[in-house]
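Student: Input: one structure, supplied below.
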Amino acid sequence: LFLDLIGDIDFADLELPFAAVAMDINSGEEVVITEGRLAPAVMASCSVPGFFTPVHLNGRALTDGGIINNLPVTAARDLGADFVIGVDIFEPHYGRRYLGPLGNGLAAIETMVDRAGGGVELADCLIQPNLAGMTYLRFSQRDALFQRGAQAAMRCMPALRQALCL
C-alpha cells in the first residue's frame with residue numbers, strides 16, 4: 001500500500017530537500033538518507049522495532065531513526081534549514097495502567113525515544129502539545145489531537161515571526 005502511494009519517486013524528484021533518518025540496527029549508527037528511491041528510505045525511517053521488520057537498504061538493516069534521534073535537527077540544518085521547528089508528541093508513560101502487550105511495547109519504545117531526546121534542545125522552536133489523557137493511536141481522537149497541536153503551534157509563532165523578521 002505504501003509503495004502504491006509513493007510510487008517510484010527518487011529524492012532527486014522532490015521540490016524541497018528531504019532526509020529520511022533511520023538507525024542501523026546492527027551498529028546503532030544514525031543513517032541519514034538523502035539519495036535514491038524515496039519509498040524504502042521512508043519505510044526504513046518509520047519501521048518501529050518489534051512492530052515492523054528492518055528495511056534492508058545499501059547493505060544495512062535499517063529501522064526507525066527516532067529510537068536514537070527523535071528530532072534530527074542536525075540533518076535539517078545540513079539540508080540548508082535556517083529555522084527548525086520540532087514537534088514532540090511523547091508524554092511520559094510512568095504510572096499508566098496496563099496497556100496490553102502491544103500497548104506496553106509501544107510505551108516502552110516511546111520511553112526510550114523520550115530519554116534519547118535527540119535534537120530537541122537544538123530546535124529553534126519546539127511544539128509540545130498537551131496530550132494528557134490522549135493517545136495518537138486512537139483515531140477517534142483526531143479532531144481533539146489536531147486542536148491541541150494547533151494550540152501548541154500558535155505558541156511558536158512569536159519565535160517564527162522574529163526569525164522571519166515579520
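The values are calculated or read from the model by the stated rules, or taken from the named source; none is laboratory data. Keep in mind the model is a prediction, meaning the values are calculated, not measured. Using ideal geometry, Cβ is built from the backbone for each residue, glycine included, and neighbour counts are taken over all protein chains shown.
Student: If only one of 11, 52 is hydrophobic (A, V, I, L, M, F, W, C) and more than 30 Å from residue 82 (Cβ to Cβ), which one is it?
Tutor: After ruling out the rest, the residue left standing is 52.
So that you can scan it fast, the table gives a plain yes or no per residue for (1) assigned to a loop (DSSP other than H, G, I, E, B); (2) closer than 30 Å to residue 161 by Cβ; (3) charged (D, E, K, R):
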{"site": "23", "(1), (2), (3)": "no, no, no"}
{"site": "44", "(1), (2), (3)": "no, no, no"}
{"site": "61", "(1), (2), (3)": "no, no, no"}
{"site": "82", "(1), (2), (3)": "yes, yes, yes"}
{"site": "86", "(1), (2), (3)": "no, yes, no"}
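Student: Given the structure, is residue 122 modelled with pLDDT under 90, closer than 28 Å to residue 16 by Cβ, surrounded by 15 or more Cβ atoms within 10 Å (Cβ to Cβ) and hydrophobic (A, V, I, L, M, F, W, C)?
Tutor: yes
Student: Now, a different point. Suppose the filter is modelled with pLDDT of 90 or more and surrounded by fewer than 12 Cβ atoms within 10 Å (Cβ to Cβ); does residue 16 pass it?
Tutor: Details: modelled with pLDDT of 90 or more: yes; surrounded by fewer than 12 Cβ atoms within 10 Å (Cβ to Cβ): yes.
When the stated conditions are applied, residue 16 passes them.
One line per residue, one yes/no per condition, for (1) crowded, with 19+ Cβ neighbours inside 10 Å; (2) outside the structural domain of residue 121 (by TED's automatic domain parsing); (3) out of contact with any strand residue (DSSP E or B) (no Cβ under 6 Å at 6 or more places or on another chain); (4) over 26 Å from residue 152 (Cβ atoms):
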{"residue": "4", "(1), (2), (3), (4)": "no, yes, yes, yes"}
{"residue": "29", "(1), (2), (3), (4)": "no, yes, yes, yes"}
{"residue": "56", "(1), (2), (3), (4)": "no, yes, yes, yes"}
{"residue": "75", "(1), (2), (3), (4)": "yes, yes, no, no"}
{"residue": "87", "(1), (2), (3), (4)": "no, no, no, no"}
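Student: Consider residue 50 carefully, then state whether it is modelled with pLDDT under 95, assigned to a helix (DSSP H, G or I) and within 19 Å of the chain's Cα centre (by Cα).
Tutor: Against the criterion (modelled with pLDDT under 95, assigned to a helix (DSSP H, G or I) and within 19 Å of the chain's Cα centre (by Cα)), residue 50 does not qualify.
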